[in-house]
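K.L.:
I'd like to ask you about the structure that follows.
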Amino acid sequence: MEVPLILRLLSASIKISYKAGAIVRQVLSSGNLGIIDKGINDLQTQADRQAQAFIVGSLMTRFPGICVIGEETIDKSEYKINSNEFDMSDDQFVLEQSCPTNLHNVNLKDVVVWVDPLDGTSEYTQGLVGHVTVLIGLAVKGRSVGGVIHQPFSSTETTEGRSIYALEGMGCFGFKTCSDITKDAPSETSNVLTTTRGHCTDFVNQALESCGPTEIIRVGGCGHKVILLLEGRCHAYIFASAGCKKWDTCAPEAVLREAGGMLTDMLGETLTYSHDVNKANNFGVLATAKREWHQDYLNKIPQSVKDHFVA
Ligand code: AMP
Ligand code: MG
Ligand code: MG
């Protein structure tokens, strides 16, 4: 019997993420970053372009007709990779898992893959490579159900990087809890928040302060901040601003949810991932390490902060 599509997709995405991570490392060591300014405080490098061409090309060759939405607009002919360079391998462990019943019969036409080939580009160009991730998110009928957060420069796996991945109902894999900060609910003595390093605004700071942090960890990347939640290093990730996109949140949301956490916008609304959705997360991002803490954080965000968001 053929392995269900969703397992084959996750299995392929894990393998593809490792090779994309190798591209990200190789471009850095070449010293030739090829930086382009896409807008205010929004960079693209050769690594973003090349990793995206590789990920999208691999997925489309392997799953003809699949809808893949990547962050970068690139001239495909310029980044044409020979088809024999695309990744066609499988993660055997995933292929051997039993597929959650509700995902058994997923059709290709119901799937959108959201790709951020390099999350944390600005930090990458500044040598803060630990903030960098490659994100491949799997959405089915508009809902994020699985994905891969790959860290090319993981301090725990120095040579190959590491891929953290999950599928709803199957579990999440590839990381260990490194700290016990979040074994207890946030309190007056420990309430560790993470947020943006490069895109801070007054509203972001107001939202953070209203939650009574004992520490604020300002780092780059949506993938990286969700890893801090997964590893038990932070209680919540708060970003009360527009700017983050669907390719930033799709994979992290699914992995975090499967680990017991929750990610929504700053109004507590679920994000959707169908192909025709607004790509911008205009209402910000609020994520908590445990889903039962989510409402408490939402309640603390001042109405004036919630009111400033515009669709
Ligand atoms: P950060 O936490 O600042 O690293 O942002 C997480 C993700 O959202 C990254 O991919 C950023 O590039 C993106 N992002 C957040 N705010 C903005 C913005 N104002 N302009 C462009 N991209 C943004
Ligand atoms: Mg990103
Ligand atoms: Mg990116």
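The values are calculated or read from the model by the stated rules, or taken from the named source; none is laboratory data. None of these values were measured; they are calculated from a predicted model. Neighbour counts run over all protein chains shown; Cβ positions are idealised from the backbone, glycine included. Side chains are part of the model used for accessible areas, which takes the heavy atoms of the whole protein and leaves out ligands, DNA and RNA. Shrake-Rupley method; radii C 1.70, N 1.55, O 1.52, S 1.80 Å.
K.L.:
Can you return the lysines within cross-link range of Lys245? Criterion is Cα-Cα under 26 Å, with same-chain partners fewer than 8 residues away left out.
P.N.:
Those lysines meeting the cut-off are Lys15, Lys19, Lys38, Lys76, Lys80, Lys109, Lys141, Lys225, Lys279, Lys290, Lys300, Lys306.
K.L.:
Kindly provide the pair-distance distribution of region 176-295 built from C-alpha pairs, with 5 Å bins from 0 and whole-percent values in order of increasing distance.
P.N.:
2, 12, 25, 27, 20, 10, 3, 1, 0
K.L.:
I'd like the antiparallel share, as a percent to the nearest 5, of DSSP beta bridges with both residues in region 178-311. Present the calculation step by step, with values, prior to reporting the outcome.
P.N.:
On the way: 8 of 14 bridges.
Close to 55 percent.
K.L.:
Oh, and also: When the dipole is taken about the Cα centre of region 89-159, and only Lys, Arg (+1) and Asp, Glu (-1) are charged at their Cβ, what size is it in debye, to the nearest 20? The partial results should precede the final answer.
P.N.:
On the way: 3 positive and 8 negative charges, 69 e Å.
In debye, rounded to 20, region 89-159 gives about 340.
K.L.:
Just the number, please: carbon plus sulfur as a percent of the accessible area of the chain, 1.4 Å probe, no ligands or DNA/RNA counted.
P.N.:
Details: 6420 of 13220 Å².
Ligands and nucleic acids excluded, carbon and sulfur give 49 percent.
K.L.:
By how many degrees, 0 to 90 and rounded to 10, does the Cα axis of helix 5-30 deviate from the longest principal axis of the chain?
P.N.:
Result, in degrees: 80.
K.L.:
Additional query: Measure nothing but the geometry: give the 0 to 90° angle between the long axis through the Cα atoms of 246-258 and the longest principal axis through the Cα atoms of the chain, rounded to 10°.
P.N.:
80 degrees
K.L.:
Place the peptides 91-97, 261-267 in order of packing, highest mean first, counting for every residue the other Cβ atoms within 10 Å and averaging per peptide. Each step should come with its number before you reach the end.
P.N.:
Details: 91-97: 15.1, 261-267: 21.6.
Per-residue Cβ counts within 10 Å, averaged per peptide and sorted highest first, yield 261-267, 91-97.
K.L.:
Binned at 20 Å from 0, what are the whole-percent values of the Cα-Cα distance distribution for the chain, short to long?
P.N.:
Computed distribution, short to long bins: 36, 58, 6.
K.L.:
Report ³J(HN,Hα) in whole Hz for each residue of region 103-109, in order, from the Karplus equation J = 6.51 cos²θ - 1.76 cosθ + 1.60 where θ = phi - 60°; Gly and Pro get x.
P.N.:
Running phi through 6.51 cos²θ - 1.76 cosθ + 1.60 with θ = phi - 60° gives 10, 4, 10, 4, 9, 4, 5 Hz.
K.L.:
Right, here's the next one. Two decimals is fine: what is log10 I(q)/I(0) at q = 0.13, 0.19, 0.20, 0.22 Å⁻¹ for region 64-136, from a Debye sum with one equal scatterer on every Cα and no solvent?
P.N.:
-0.65, -1.15, -1.19, -1.23
K.L.:
Right, here's the next one. Express as a percent, rounded to the nearest 5, the fraction of DSSP beta bridges in region 70-222 (both residues included) that run antiparallel.
P.N.:
Numbers: 23 of 28 bridges.
Bridges in region 70-222 are about 80 percent antiparallel.
K.L.:
Can you give me the long-range amide H partners of Val145? Hydrogens built in the peptide plane at 1.01 Å from N, cutoff under 5 Å, separation of 5 or more residues or another chain.
P.N.:
Leu138, Ala139, Val140
K.L.:
For the Cα atoms of the chain, what angle does the longest principal axis make with the long axis of helix 46-62, in degrees from 0 to 90, nearest 10?
P.N.:
Tilt relative to the chain: about 60 degrees.
K.L.:
With only Lys, Arg, Asp and Glu charged, each at its Cβ (+1 for the first two, -1 for the last two), find how big the charge dipole of the chain is about the Cα centre; round to the nearest 20 debye. Working shown, then result.
P.N.:
Values: 27 positive and 36 negative charges, 55 e Å.
The dipole of the chain has a size of about 260 debye.
K.L.:
Using the Karplus equation 6.51 cos²θ - 1.76 cosθ + 1.60 (θ = phi - 60°), what ³J(HN,Hα) coupling, rounded to whole Hz, does each residue of region 200-207 give in order, writing x for Gly and Pro?
P.N.:
6, 9, 4, 5, 4, 5, 4, 4
K.L.:
Related question: Whole Å is fine, so just give me how far the alpha carbon centre of region 17-53 lies from that of region 142-198.
P.N.:
Each part's Cα centre sits 23 Å from the other's.
K.L.:
Then there's this: Which peptide among 23-33, 298-308 comes first, and what is the full order, when sorted by highest mean count of other Cβ atoms within 10 Å? It would help to have the intermediate numbers written out before the result.
P.N.:
Details: 23-33: 15.9, 298-308: 14.2.
Most protected by this proxy first, the peptides run 23-33, 298-308.
K.L.:
Would you kindly derive the ³J(HN,Hα) couplings of region 286-293 from the backbone phi angles with the Karplus curve 6.51 cos²θ - 1.76 cosθ + 1.60 (θ = phi - 60°), listing them in order in whole Hz, with x for Gly and Pro?
P.N.:
Per-residue couplings from phi come out as 10, 10, 10, 5, 10, 5, 6, 8 Hz.
K.L.:
Hey, rough spin-label estimate for Ala185 and Phe309, points 7 angstrom out along Cα→Cβ, what's it come to in nanometres?
P.N.:
In this crude label model, Ala185 to Phe309 measures out at 2.3 nm.
K.L.:
Another one. Would you pull out the residues with amide H under 5 Å of Ile164's amide H, same chain only if 5 or more places away, H placed 1.01 Å from N?
P.N.:
For Ile164, the qualifying residues are Ile149, His150, Gln151.
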